[in-house]
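Accompanying notes for the structure given below.
The values are calculated or read from the model by the stated rules, or taken from the named source; none is laboratory data. Predicted model only: the values in this text are computed from it and were never measured. No Cβ is skipped: glycine too gets one built from the backbone with ideal geometry, and neighbour counts run over all protein chains shown. Heads up: the accessible areas ignore ligands, DNA and RNA and are worked out on the full protein's heavy atoms, side chains in. Shrake-Rupley method; radii C 1.70, N 1.55, O 1.52, S 1.80 Å.
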Amino acid sequence: MAGPKWLVLTWRLPATSSTPRVATWRSLQKLGAVTLTPGAAILPYSEHLLEQLEWIAEDIVERGGDAYVLPVTELSEAEEGDIQRRMREERKQEYESLREAAEVLARRPAQRPRLERELSALQRGLARAIERDHFASSGRSRAEKAIRLARKRKEA
């Protein structure tokens, strides 16, 4: 039998407060998960992501909910294709936003302390996007190039 290819987190939280749902959603977004239903999200299998999902599941249980991390060995070709497409599209949009922000920054007059903070923020945003980019989305190289050019223009 083949090992798991995917990880699914399923959960249910009490309806009393939206705070736990928002916290769960944000945690999953940071990992690059795709939402399957309002109480289920999927990621490609890795030991690192398994550990992260287990932490999220533990947090859900501590907040009075139920959560399960389920290894999935097989999905249909169409389902896998759809999930991969959705993950790539989300990262592509993220890379595009970073590229646009870098281009705007490159055109603005330089204000040294603020400039360095903004360039650092773009670099951190790029690093987070790369960490969530499980299927080599398009747009990464364009975002990296735009950030490099913004830094060069400001250093000149």
Longest principal axis of the chain (C-alpha) makes with the long axis of helix 47-62 (C-alpha) an angle, in degrees to the nearest 10, of 70
Of the convex hull drawn through the C-alpha atoms of the range 20-156, the volume per residue in Å³ is 123
Expressed in square angstrom to the nearest 10, the accessible area of residue 137 with a 1.4 Å probe stands at 10
Most packed first (mean Cβ within 10 Å per residue), the peptides 15-25, 118-128, 50-60 order as 50-60, 118-128, 15-25
Given a 1.4 Å probe, the accessible area of the range 58-117 per residue, as a whole number of Å², is 67
For the range 66-156, the dipole about the Cα centre with charges only on Cβ (Lys and Arg +1, Asp and Glu -1), to the nearest 20 debye, works out at 1180
To the nearest 10 degrees, the tilt of helix 77-107 (Cα long axis) against the first principal axis of the alpha carbons of the chain is 20
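At a 1.4 Å probe radius, carbon and sulfur cover how many percent of the accessible area of the chain?
Of the solvent-accessible surface of the chain, carbon and sulfur hold 52 percent.
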Taking the chain, the lysine pairs whose C-alpha atoms sit under 27 Å apart (8 or more places apart or on different chains) add up to 8
Lys and Arg at +1, Asp and Glu at -1: neighbours of residue 128 with Cβ under 9 Å from its Cβ sum to +1
Taking 35-43, 93-101 and ranking on average Cβ neighbours within 10 Å, highest first, one gets 93-101, 35-43
Ranked by GNM mean-square fluctuation in the chain (Cα springs under 10 Å), the top entry among 86, 117, 140 is 117
Among 71, 15, 45, the residue whose Cα sits farthest towards the positive end of the charge dipole of the range 3-131 (+1 at Cβ of Lys and Arg, -1 at Cβ of Asp and Glu, taken about the Cα centre) is 15
